[in-house]
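Single-structure report; data block below.
The values are calculated or read from the model by the stated rules, or taken from the named source; none is laboratory data. None of the values given here were measured: they were computed from a predicted structure. Reconstructed Cβ throughout: ideal geometry from the backbone, glycine too, with neighbour counts over all protein chains shown. In case anyone asks, the SASA skips ligands and DNA or RNA and just uses the protein heavy atoms, side chains included. Shrake-Rupley method; radii C 1.70, N 1.55, O 1.52, S 1.80 Å.
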Amino acid sequence: MTCLINNVCGNRNLFPGQPELTMGTIYAVADHITGPYTEPEDAILIASRGFNGLSCRSVVFGGTRYLFYTQTEREPRHDGGRVTMGTITTPKRLEVIDGKLGVYDSGLEGNHVAASLIESNKLPKAVHSRILYETHGNWTQEGNELQGQVKTSWARYAFDCVGTSFIYEADVQLMNGIAIGLTFRQNEKGAGSVVLCDFEKQQVTFGDIPQFRILDGRSFKLVHGKEYRLKIVAKGEFMEVYIDEQLILQFVSYAENKGFFGLIVDRGHGIFKEIQARELVI
């Protein structure tokens, strides 16, 4: 059984241990349709710190259960605008993996790829821009693998490649340190957006560069030395973040609608493999 909860409906602080979440859909399980129902330890299907991702529904097609949710928009078209109803998302797989119900990428966006922007076996050259107070760090490349090390701050590696609507992904591995992630839609001065796997906070977050305000985020267990497939799907202002194909974040963002792709490491040693970016037709 699934249930929409949000602060607007009077369901304040119903995400255990994550009071910053204000809207989402959770689930409960039972041995019989009449109950009793109980919530698992992590019962979140979709969730957001803002007014993003309304109640989801699921259907069975071709033997697979798919989930849809409503994307919200802002009027006028900026992040502080009035919330309005948007469109229904593309279908996501809804399935049980390792005993937990989760929402996973269906791969359907991959059918609407116009061109490859970054290929793992042919990485574009770096853009050498520097944000005020930024530390360059030590970046090394061996084949299709990039490693970044920085001790006292955060360091970016920006590609000479831009995108608006895209699928951007990489295998990320933080050997030690605070955080690792992907940057995107960065302008020539380096300002833009970032998705971080924050090992210190044990969260996956979306924010801005260089202020690093957390605009959305959700708890996620992260282990040093473990490799994760981090993927960002951007369809205009609509954003989705996946880890190992599981949907973790979904939100709307109107800031910096086009810009450079990049990598980031915060006070640690990070490894990036199989880096890819593909342009989406929407």
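Within the set ARG65, ARG93, the sole residue that is more than 23 Å from PHE15 (Cα to Cα), open to solvent by 40 Å² or more (accessible area, probe 1.4 Å), of a type in the set (D, E, K, R) and modelled with pLDDT of 90 or more turns out to be ARG65. Is one or more of the residues making up region 148-162 buried (at least 17 other Cβ atoms within 10 Å of the Cβ), modelled with pLDDT of 95 or more and aliphatic (A, V, I, L, M)? Yes: one or more hits.
Could you grab me the full set of residues in region 222-236 that are open to solvent by 50 Å² or more (accessible area, probe 1.4 Å) and touching a residue at least 40 places away in the same chain (Cβ under 8 Å)?
Initially, region 222-236 is screened for residues open to solvent by 50 Å² or more (accessible area, probe 1.4 Å), giving 223-224, 226-227.
Of everything in region 222-236, those that are open to solvent by 50 Å² or more (accessible area, probe 1.4 Å) and touching a residue at least 40 places away in the same chain (Cβ under 8 Å) turn out to be HIS224, LYS226, GLU227.
Restricting region 98-111 to residues that are without any contact (Cβ under 8 Å) to a residue 60 or more places away in the chain and farther than 20 Å from SER55 by Cα, which is most open to solvent (accessible area, probe 1.4 Å)? Can you show your working first?
In the first step, residues of region 98-111 are kept if they are without any contact (Cβ under 8 Å) to a residue 60 or more places away in the chain; the result is 98-99, 106-108, 111.
Imposing the further condition that a residue be farther than 20 Å from SER55 by Cα reduces the set to 98-99, 107-108, 111.
Details: ASP98: 148, GLY99: 71, GLY107: 39, LEU108: 69, ASN111: 117 Å².
Per the stated criteria, the residue is ASP98.
Across region 136-159, the number of residues qualifying as outside any strand (DSSP E or B) and either within 21 Å of the chain's Cα centre (by Cα) or closer than 20 Å to GLY259 by Cα (or both) comes to 1.
For residues in region 74-89 being of a type in the set (Val, Ile, Thr) and either open to solvent by 60 Å² or more (accessible area, probe 1.4 Å) or in contact with a His (Cβ under 9 Å, 6 or more places away or on another chain) (or both), which is nearest to PRO40 (Cα to Cα)? Show your work before the answer.
Step one: filter region 74-89 for residues of a type in the set (Val, Ile, Thr), giving 83-84, 87-89.
Remaining after also requiring either open to solvent by 60 Å² or more (accessible area, probe 1.4 Å) or in contact with a His (Cβ under 9 Å, 6 or more places away or on another chain) (or both): 87-88.
Numbers: THR87: 30, ILE88: 27 Å.
Applying the filter and picking the extreme gives ILE88.
Of the residues making up region 227-271, those that are more than 16 Å from GLY110 (Cα to Cα), touching a Leu at 6+ places or on another chain (Cβ under 8 Å) and among the hydroxyl-bearing types (Ser, Thr, Tyr) are TYR228, SER253. Filter region 124-144 down to the residues that are at pLDDT 90 or above and surrounded by 15 or more Cβ atoms within 10 Å (Cβ to Cβ), then identify the one that is farthest from PHE159 (Cα to Cα). So, considering only residues that are at pLDDT 90 or above and surrounded by 15 or more Cβ atoms within 10 Å (Cβ to Cβ), the one farthest from PHE159 (Cα to Cα) is GLY137.
The set of residues in region 174-221 being under 21 Å from THR152 (Cα atoms) and aliphatic (A, V, I, L, M) consists of LEU174, MET175, ILE178, ALA179, ILE180, LEU182, ALA191, VAL194, VAL195, LEU196, ILE209, ILE214. Of the strands (runs of 3 or more DSSP E) lying entirely inside region 8-115, those containing at least 3 residues that are within 20 Å of the chain's Cα centre (by Cα) and closer than 28 Å to GLY163 by Cβ are 44-48, 64-75, 82-88, 100-104. Please tell me if THR38 is among the polar types (S, T, N, Q) and farther than 21 Å from LEU247 by Cβ. Spelling it out, THR38 is indeed among the polar types (S, T, N, Q) and farther than 21 Å from LEU247 by Cβ.
Within region 8-40, how many residues turn out to be of a type in the set (D, E, K, R) and touching a residue at least 24 places away in the same chain (Cβ under 8 Å)?
Initially, region 8-40 is screened for residues of a type in the set (D, E, K, R), giving 12, 20, 31, 39.
Those still in the list that are touching a residue at least 24 places away in the same chain (Cβ under 8 Å) too: 20.
Within region 8-40, residues that are of a type in the set (D, E, K, R) and touching a residue at least 24 places away in the same chain (Cβ under 8 Å) number 1.
Considering only residues of region 163-182 that are among the polar types (S, T, N, Q) and over 19 Å from PHE220 (Cα atoms), which is most open to solvent (accessible area, probe 1.4 Å)? Give the derivation first.
We begin by selecting, within region 163-182, every residue among the polar types (S, T, N, Q); these are 164-165, 173, 176.
Then drop every residue that is not over 19 Å from PHE220 (Cα atoms), which leaves 164-165.
Working: THR164: 55, SER165: 14 Å².
Filtering region 163-182 for residues that are among the polar types (S, T, N, Q) and over 19 Å from PHE220 (Cα atoms), the one most open to solvent (accessible area, probe 1.4 Å) comes out as THR164.
Out of the residues in region 183-221 that are at pLDDT 95 or above, open to solvent by less than 10 Å² (accessible area, probe 1.4 Å) and aliphatic (A, V, I, L, M), state the one that is nearest to LEU249 (Cα to Cα). Looking at residues that are at pLDDT 95 or above, open to solvent by less than 10 Å² (accessible area, probe 1.4 Å) and aliphatic (A, V, I, L, M), I get VAL204.
For residues that are surrounded by fewer than 21 Cβ atoms within 10 Å (Cβ to Cβ) and under 28 Å from THR22 (Cα atoms), tally how many sit in region 241-271. The number of residues fulfilling the criteria is 8.
Among the residues here, ARG57 qualifies as basic (Lys, Arg), modelled with pLDDT of 85 or more and open to solvent by 30 Å² or more (accessible area, probe 1.4 Å).
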